[in-house]
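We did not get these values from a lab; they are worked out from the coordinates using the rules stated. Keep in mind that this is a model prediction, so the values were computed, not measured. Backbone-built Cβ (ideal geometry, glycine too); neighbour counts: all protein chains shown.
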Amino acid sequence: MTSAPDPAIARVPDAPGAAGSPGAADTPGAADMPGAADMPGAADALAEPSADAGRPERCFVDLHCHTARSFDSLSDPAKVVARAAERGITHLAITDHDRIDGALEARERAPEEIRVIVGEEVRSLDGDIVAIWIEEPIPPGLPAEETIARIHSQGGLAGIPHPFDRFRGSAAKDGTQRLERIVPLVDYVEAFNARVPFGDANERASLFAYEHGLPGVAVSDAHTLMEVGIAYAVLPGPIASPADLRAGLQTVVGGTGDALIRQRASLLVRGFMPIAKAVQRARGNARRGPAPGSAR
């Protein structure tokens, strides 16, 4: 692409940079991905990774993105996918809060060059859990262990979003006890979330992934069109199934290296969220589910 840098993006000074990534003019690229150890997680029910020759050898994957079906976003699902495709993202997980209808709509309306993965950001009793590659919604308000079990029962992957962000429903918001309890059950952690505004939350998340041998990804957590695809992981392809994604995540165990493209959304963009929430409340689309830890 040859577009100018997006003014909504605040660049992280230490973000890796190399040629070859999507939107090369407005995002850093990715170098060869580091090797990794075996990845934890139950994969017995999943098929072997596919060999779809029509898919790219390198995939540009954003595993956390919202649409207007979330209580805090006004982004049309079709426009979200179109923007991701424009920026060169090849795989986009739509993870609206506690629902999947926006993801299903986005998948139906996606252009051929991008694969939409149906996901959900589920508010469990122990903090938010991201479900990836599911077909049925996971209800909010369950213990984290049951939430993760329901994700895996559909053949999906379970991730921990923004684990140390104290301003959101994060698993380690009030300490690491809950987070440590679910580590053996999850498939990856967000080592970098573009919506973490400041502080060391992303650094702690990356260190946590490294210390626990977990795959660590970078995600946009986009709530506006300006944020879509500003942070992502570069994974080996093809990725056409949960098993493919699980295999690809093995290359980012520890959440380090040039395979993670890290850029932050600006505080100006984050300022739109109160407006989005107010509009959604007026539409009757308020936050679902209990506050994390409310039943413990």
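Counted residue by residue at 0.36 nm each, then reduced by the alpha carbon distance between them, the extension gain from ILE275 to ARG109 reaches 57.1 nm. Once the chain from ALA149 to GLU57 is taken as fully extended at 0.36 nm per residue, the excess over their C-alpha distance is 30.0 nm. Here the 3J(HN,Hα) profile of segment 121-127, calculated from phi with Karplus coefficients 6.51, -1.76 and 1.60 at θ = phi - 60°, is 9, 9, 8, 8, 5, 10, x Hz, Gly and Pro shown as x.
Annotation: amide H of PHE71 within the under-5 Å range of HIS97, sequence separation 5 or more or interchain, hydrogens built in the peptide plane.
Please compute the length gained on full extension between ALA286 and GLN177, using 0.36 nm multiplied by the number of residues separating them and subtracting their Cα-Cα distance.
Taking 0.36 nm per residue and subtracting the Cα distance, the gain is 36.3 nm.
Could you order the peptides 190-202, 216-228 from most to least packed, using the average number of other C-beta atoms within 10 Å per residue?
Numbers: 190-202: 21.9, 216-228: 25.9.
In descending order of packing, they fall as 216-228, 190-202.
Here the Karplus relation 6.51 cos²θ - 1.76 cosθ + 1.60, evaluated at θ = phi - 60°, turns the backbone of segment 139-153 into coupling constants of x, x, x, 9, x, 4, 4, 6, 4, 5, 4, 5, 5, 5, 5 Hz, with x for every Gly and Pro.
Couplings 3J(HN,Hα) of segment 72-86, computed from phi: 10, 9, 10, 7, 5, x, 5, 6, 4, 5, 4, 5, 4, 5, 4 Hz, in residue order, whole Hz [Karplus 6.51 cos²θ - 1.76 cosθ + 1.60, θ = phi - 60°; x for Gly and Pro]. The loop-placed GluC sites (Glu not before Pro) in segment 74-169, going by DSSP, that have at most 16 neighbouring Cβ atoms within 10 Å of their Cβ come out as GLU112, GLU113, GLU135.
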